[in-house]
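The values are calculated or read from the model by the stated rules, or taken from the named source; none is laboratory data. Not measured: the values here are computed from a predicted model. Every residue, glycine among them, receives a Cβ derived from its backbone with ideal geometry; neighbour counts consider all protein chains shown.
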There are 2 protein chains.
Amino acid sequence: MATLTVTFFPSGNQAKVVKGTSVLDAARAAGVLLETPCGGEGRCGKCLVRGGVGLDAPATTEKELLGAAKLESGWRLACQARVIGDARITVPPTTLSHEHRIMIEGLDREIAIEPHVRKVALELPSPAGDDPRADLRRVIDALGDVLPSGRLQSLRNLPGILRDSGFHITAVVSGNRLIAVENGDTMDSIYGLAVDIGTTTIVAYLCHLPTGRVLATASDLNSQTQYGDDVISRIRAATSSRDDLADMAQVVKVVINDLIERVCHNADVTPNAIYDIAIVGNTCMTHLLLGVSPEGLGTIPFVPSFRGPQTVSARALGIGVHPDARVYIAPSIGGFVGADTLGLILSTEIDLMDGTNVAVDIGTNGEIVVARNGELLASSTAAGPAFEGARIRHGMRAATGAIDEVSIADDVQCHVIGEGYARGVCGSGLVDAIAELVRVGIIDESGRMAHPGEAKGVPEQVESRVIENQNGVEFVLVPEEISFGGEAVTLTAQDVRETQMAKAAIYGGMNLMLEHIGATSDEVRELLLAGAFGNYIRQESAVAIGLIPSLPNSRIRPVGNAAGVGAKMILLSDSQRRRAENIALQVRHIDLSETEDFYERFADAMALRPLPREH
Amino acid sequence: MATLTVTFFPSGNQAKVVKGTSVLDAARAAGVLLETPCGGEGRCGKCLVRGGVGLDAPATTEKELLGAAKLESGWRLACQARVIGDARITVPPTTLSHEHRIMIEGLDREIAIEPHVRKVALELPSPAGDDPRADLRRVIDALGDVLPSGRLQSLRNLPGILRDSGFHITAVVSGNRLIAVENGDTMDSIYGLAVDIGTTTIVAYLCHLPTGRVLATASDLNSQTQYGDDVISRIRAATSSRDDLADMAQVVKVVINDLIERVCHNADVTPNAIYDIAIVGNTCMTHLLLGVSPEGLGTIPFVPSFRGPQTVSARALGIGVHPDARVYIAPSIGGFVGADTLGLILSTEIDLMDGTNVAVDIGTNGEIVVARNGELLASSTAAGPAFEGARIRHGMRAATGAIDEVSIADDVQCHVIGEGYARGVCGSGLVDAIAELVRVGIIDESGRMAHPGEAKGVPEQVESRVIENQNGVEFVLVPEEISFGGEAVTLTAQDVRETQMAKAAIYGGMNLMLEHIGATSDEVRELLLAGAFGNYIRQESAVAIGLIPSLPNSRIRPVGNAAGVGAKMILLSDSQRRRAENIALQVRHIDLSETEDFYERFADAMALRPLPREH
């Protein structure tokens, strides 16, 4: 009996079956696992799929369970519908078995695994006198709706691989493009990389594409920091020197290639088996990665050179994975609001929430998203890197030796990451320290630090930590005796100023955006805090110094590295990739610095007290 | 009054006009010149264009001249139709003024100039607070139906050029893709290159795209000949060594780059202004150019690795023109029948001729096309390079010093190219010499050369030229006294054998193909001879030795370098490019060596006499 071909979408997996096979069995044969709570007996109605041509007429069971309207729209039950011709079946994510879904760390729901890049094993007929098709045509014909990559390089190995393998190959397909072929059946060996390029830190996640499992994670500092620790200094460097632009493009790739080596080593995977890379980053970072001058970002009205998604080959970009792998750089929203903010929206699903909600990613920049019943505003504040430890006298990232918690009773209690000597203070320690010093009266609401002996009613031990020297007033968090390197870890008056400016930029911006969307901060149902800082910060302290609005704890939720989660979602799911592209077109970008009221709001938000005042 | 935009296709030229302007005036403003024999008075009906939206209702004049059916299909007279909104007008080639058409050397009719690559000058608004579009979007929006190139490199210069030029740029568009931008208005500076890569010779034509003029031509030997003088030896070399494959890809590009330098120098054009390259060549040549192994061509059933058209950037290929120029490699027909044969069909228009017609390109391979009322068969014979002088003891190309004509009366008369000393004999001289020696009886029909004193009734002077030495029998065409370098130019018995095999492959193949299409050689209306050889050969001699069928002279026509003409047509006209792609899909490829009767036909065609015998 002639075999029929059933193709399942979006995976593109295929099965050859005989006439009369159920779609459920065909799906199994194609490696597409469906939910069948009732065991495929036509009782539960869960194995919903969509198809038309090549299927038999609906059985009575289907009519009863689905109703006429659904049947007319092409919905069928996989366990009941039978294949009677070549068929193309669409499987909605909800019908996929849990084995084909995954929970990504930091995301509290499952997503369906349907990567943009997939493999198809092919046993091709050898050329013959009556079948003299060109090599490329032979492969393309076997793949159905797939086109050649159109790139020169991917053609070069084809003749050799076909003949060495006896025409048994595995095709690698990206979207609807054939990008590579491998010798023999290598279906399981296909990996992807999600990358979050931060201004300060770059994180890479190695994923096994067929299962969506994250096999290894690695992170490192973005070595572009040698050109400046914030995006403004890097834009300036790139604009004034072509060499600096080229060098910044180069160094970020060196870091990424190093991360690739590390994750591949840890997971025992060859980099050559990585066929897809999804990258998120702020607008400046994606420009610099591609070697595109960000000069438009350097002057009002801060226009990027490109905003849409970009796809380049790993070869063209110089990334050390399979040279024909596609590197997908997620779209930006505008100006300084990049693909990382898109990741924040994707992973929090703030676009789908009811009421007014706010998501904030406090990294080197502070990105803010305000959403109200699907309407989205996004903005970036030049908060500066204070919360990542930069421009703070003893500031450092949240690593071993960092003071990450500070509380004051009779004396100052500091918790040090790793429990050893203190080396400095990280963002959460900084916020804690300032909140506690305001509470005990050593710093006033305007941010002024009391001189030695000036503060009243402060425990003596605490009071004695206020010192004055040629730099001005300082507060000793950890004295030199128990500090690493013998230098005291202090908080300076200037540190307080930097922190005030950073938090005022975030709070003031958020406030203005809420107004833009027609809401007040007490209407905020959920405040989602992304980034490492969002995870570690003590919410009470953040509220106390007016960094975030004074909301009940239950309405404040840390969401982890949201940009990284977004990158993983884009890597593992083609529909999330499309969702990201749609969101990028929908979000309204607010340029805060262009907004009339911003400096007033900024000034109002400088005060170190819970905001808004009425709470 | 608000201005309206009128876009003309296929050129994409635009004009901004006020409401009520005639389409004819709008076309003039857009630089699209139309035929108007009656001076635009609505009398001749020649300025036919097609459009709908944005035009007024047809006037009485149009109704009378065009009729209801044409008007309903959207046809209008440009001189009568008025613009009342943004409009898109299609101009058929026949309506274009002669200034927009060109006669290509070797083609006896005009083609419309509508290159695949064009320039559009743009005066863009600068970014503003209420217009913060990304740089790329700003350019794309101004271009209408054009997409970004999708290639990384083309983004890199964009921000700088926009700002340096005050946002007055010229966009370079290839098909519907933006491939480059230039500072200021550079509309006139856009060039293209047509290249014919032969097994032995490479020819390049530099064309000014807006006018279609050929500004310079240069040719050189294909230096791949160091790996063998025919395609079979090159396939063998490429298959057995990756280094040889890479080296052959490299050396052909060195020749092309050298030709580019020469044509650009001669025409005083910067290579950087070349934005399009159209290449034809046989299947093996296009594989080697792209560095793709031709190994499938080395074994039965001789399948290529790719057959369809390929487009790569000049950067990726390493060709020394503008790096974002597109290199278009025309499609192949199959096996050994390449894009050069497609050029033969394109330029002879044999596909459009009535009755049975044959086109033959005798170069290093012999390509044959047989057409009957639009049905097309094509084949390649392994004729070998005898007619280009290879494998012939004193063979050489048709250059200075080559004997190109031979006639025998009381003695032998040789014409030497350049009128100086003889260096060797080229294809046409070879055919002449053999035809004449058969006529006087020194060579018999089987190809055997008489020994000294053996031939009867031959003039004494001629008879004395037959000599015998350790190599066998030879005939002295030019004695050593008047030869360059003091060595006699002779024709050997082996030379006769080589020529017989080459001509038998061509004649036998043609004969078999005619039979395939259901015709005989005396039904052939026109025999079109392409290639240098086709131009210089004496038809009587070619008929006399049975290289071509014995047809009246009036039915045999030399068509010049048909492959090169085809390349120029593909370069200058997008519709010819599409026509080429359609032809490539329609032509039936006959593999002569797989055809049962071929060796019998080949043997029959060895005889040195007019063929078929009955003529």
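Could you please find all residues in segment B:506-536 being in contact with a strand residue (DSSP E or B) (Cβ under 7 Å, 6 or more places away or on another chain), touching a residue at least 60 places away in the same chain (Cβ under 8 Å) and under 20 Å from B:Val431 (Cα atoms)? The answer is B:Ile506, B:Gly509, B:Met510, B:Leu527, B:Leu528, B:Leu529, B:Ala530, B:Gly531, B:Phe533, B:Gly534, B:Tyr536. Per the conditions (1) modelled with pLDDT under 90; (2) closer than 27 Å to A:Ser407 by Cβ; (3) over 26 Å from the mean Cα position of the chain (by Cα), the sole criterion not satisfied by A:Gln470 is (2).
Here is a yes/no grid of residues against (1) outside any loop (DSSP other than H, G, I, E, B); (2) surrounded by 23 or more Cβ atoms within 10 Å (Cβ to Cβ):
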position: B:Met501; (1), (2): yes, no
position: B:His516; (1), (2): yes, no
position: B:Ala519; (1), (2): no, no
position: B:Pro549; (1), (2): no, yes
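Counting the residues of segment A:417-438 that are at pLDDT 95 or above, over 31 Å from the mean Cα position of the chain (by Cα) and of a type outside the set (Val, Ile, Thr) gives 2.
Report yes if B:Val440 is under 29 Å from B:Leu529 (Cα atoms) and either in the same structural domain as B:Val489 (by TED's automatic domain parsing) or touching a residue at least 12 places away in the same chain (Cβ under 8 Å) (or both), otherwise no. Considered against the rule, which asks whether it is under 29 Å from B:Leu529 (Cα atoms) and either in the same structural domain as B:Val489 (by TED's automatic domain parsing) or touching a residue at least 12 places away in the same chain (Cβ under 8 Å) (or both), B:Val440 comes out as yes.
Residues checked against (1) at pLDDT below 90; (2) closer than 20 Å to A:Val32 by Cα; (3) in a strand (DSSP E or B):
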site	(1), (2), (3)
A:Gly85	no, yes, no
A:Thr94	yes, yes, no
A:Ile102	yes, yes, yes
A:Pro125	no, no, no
A:Arg138	no, no, no
A:Asp145	yes, yes, no
A:Ser154	yes, no, no
A:Ile161	no, no, no
A:Thr170	no, yes, yes
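Could you tell me whether any residue of segment A:468-480 is assigned to a helix (DSSP H, G or I) and in contact (Cβ under 8 Å) with a residue 12 or more places away in the chain? No; the residues of segment A:468-480 include none that is assigned to a helix (DSSP H, G or I) and in contact (Cβ under 8 Å) with a residue 12 or more places away in the chain. Out of everything in segment A:296-311 that is at the interface with chain B (Cβ under 8 Å from one of its Cβ atoms) and surrounded by 22 or more Cβ atoms within 10 Å (Cβ to Cβ), what residue ends up being modelled with the lowest pLDDT? Taking the candidates together, the pick is A:Phe302. Only one of the listed residues (B:Ala238, B:Ala180) is buried (at least 16 other Cβ atoms within 10 Å of the Cβ) and assigned to a strand (DSSP E or B). That residue is B:Ala180. Sub-9 Å Cβ pairs linking a first residue in segment B:121-133 that is away from chain A (no Cβ under 12 Å) to a second residue that is in a strand (DSSP E or B) and among the β-branched types (Val, Ile, Thr), at least 6 apart or interchain, are B:Ala121/B:Ile169; B:Ala121/B:Thr170; B:Leu122/B:Ile169; B:Leu122/B:Thr170; B:Leu122/B:Val181; B:Glu123/B:Ile169, ordered by first then second residue.
Residues that are among the hydrophobic types (A, V, I, L, M, F, W, C) and under 30 Å from B:Glu468 (Cα atoms) within segment B:493-529 comprise B:Ala493, B:Val496, B:Met501, B:Ala502, B:Ala504, B:Ala505, listed in sequence order.
Does A:Leu136 satisfy the criteria of being surrounded by 22 or more Cβ atoms within 10 Å (Cβ to Cβ), touching a residue at least 12 places away in the same chain (Cβ under 8 Å) and at the interface with another protein chain (Cβ under 8 Å from one of its Cβ atoms)? Criteria met by A:Leu136.
Okay, residues lined up against (1) of a type in the set (Phe, Trp, Tyr); (2) out of contact with any Leu (no Cβ under 7 Å at 6 or more places or on another chain); (3) free of Cβ contacts under 8 Å to residues at least 40 places away in the same chain; (4) assigned to a helix (DSSP H, G or I):
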residue: A:Ala563; (1), (2), (3), (4): no, no, no, yes
residue: A:Met569; (1), (2), (3), (4): no, no, no, yes
residue: A:Ser575; (1), (2), (3), (4): no, yes, no, yes
residue: A:Ala580; (1), (2), (3), (4): no, no, no, yes
residue: A:Ala584; (1), (2), (3), (4): no, no, no, yes
residue: A:Glu596; (1), (2), (3), (4): no, yes, yes, no
residue: A:Glu600; (1), (2), (3), (4): no, yes, yes, yes
residue: A:Met606; (1), (2), (3), (4): no, yes, no, no
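Per the conditions (1) in contact with a Gly (Cβ under 6 Å, 6 or more places away or on another chain); (2) away from chain A (no Cβ under 14 Å); (3) farther than 30 Å from B:Gly531 by Cα, the sole criterion not satisfied by B:Ala142 is (1).
From the list A:Gly363, A:Gly401, the one residue that fits, being modelled with pLDDT under 90, not acidic (Asp, Glu) and not assigned by TED's automatic domain parsing to the domain that holds A:Cys426, is A:Gly363.
Taking segment B:312-321 as the range and being more than 22 Å from the chain's Cα centre (by Cα) and either of a type in the set (S, T, N, Q) or facing another protein chain (nearest Cβ under 7 Å) (or both) as the test, only B:Ala316 passes. For the structure I just gave you, tell me whether A:Ile256 is in contact with a Lys or Arg (Cβ under 9 Å, 6 or more places away or on another chain) and either part of a loop (DSSP other than H, G, I, E, B) or within 28 Å of A:Ala171 (Cβ to Cβ) (or both). Answer is no for this residue.
Looking only at residues in segment A:260-295 that are of a type in the set (Gly, Ala, Ser) and either outside any strand (DSSP E or B) or within 14 Å of chain B (Cβ to nearest Cβ) (or both), which one is surrounded by the most Cβ atoms within 10 Å (Cβ to Cβ)?
A:Ser293
Residues that are small (Gly, Ala, Ser) and buried (at least 24 other Cβ atoms within 10 Å of the Cβ) were ranked within segment A:312-345; the one that is farthest from A:Val172 (Cα to Cα) is A:Gly335.
Considering segment B:301-351, and only residues there that are polar (S, T, N, Q) and in a helix (DSSP H, G or I), the residue that is farthest from A:Gly318 (Cα to Cα) turns out to be B:Thr348. Yes or no: B:Ala68 over 20 Å from B:Arg118 (Cα atoms), out of contact with any Leu (no Cβ under 8 Å at 6 or more places or on another chain) and assigned to a loop (DSSP other than H, G, I, E, B)? Against the criterion (over 20 Å from B:Arg118 (Cα atoms), out of contact with any Leu (no Cβ under 8 Å at 6 or more places or on another chain) and assigned to a loop (DSSP other than H, G, I, E, B)), B:Ala68 does not qualify. Being farther than 14 Å from B:Val369 by Cβ, of a type in the set (Val, Ile, Thr) and in a helix (DSSP H, G or I), is that true of even one residue in segment B:524-541? No, every residue in segment B:524-541 fails to be farther than 14 Å from B:Val369 by Cβ, of a type in the set (Val, Ile, Thr) and in a helix (DSSP H, G or I).
In the set A:Gly192, A:Gly166, which member is in contact (Cβ under 8 Å) with a residue 12 or more places away in the chain, of a type outside the set (A, V, I, L, M, F, W, C) and outside any loop (DSSP other than H, G, I, E, B)? Just one listed residue meets the conditions, A:Gly192.
Conditions (1) β-branched (Val, Ile, Thr); (2) buried (at least 19 other Cβ atoms within 10 Å of the Cβ); (3) in contact with a Lys or Arg (Cβ under 7 Å, 6 or more places away or on another chain), marked per residue:
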site: A:Ala15; (1), (2), (3): no, yes, no
site: A:Asp56; (1), (2), (3): no, no, yes
site: A:Leu77; (1), (2), (3): no, yes, no
site: A:Thr94; (1), (2), (3): yes, no, no
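Any residue in segment A:136-159 that is touching a Lys or Arg at 6+ places or on another chain (Cβ under 6 Å), within 27 Å of A:Asp268 (Cβ to Cβ), outside the structural domain of A:Ala314 (by TED's automatic domain parsing) and of a type outside the set (Val, Ile, Thr)? No, because not a single residue in segment A:136-159 is touching a Lys or Arg at 6+ places or on another chain (Cβ under 6 Å), within 27 Å of A:Asp268 (Cβ to Cβ), outside the structural domain of A:Ala314 (by TED's automatic domain parsing) and of a type outside the set (Val, Ile, Thr).
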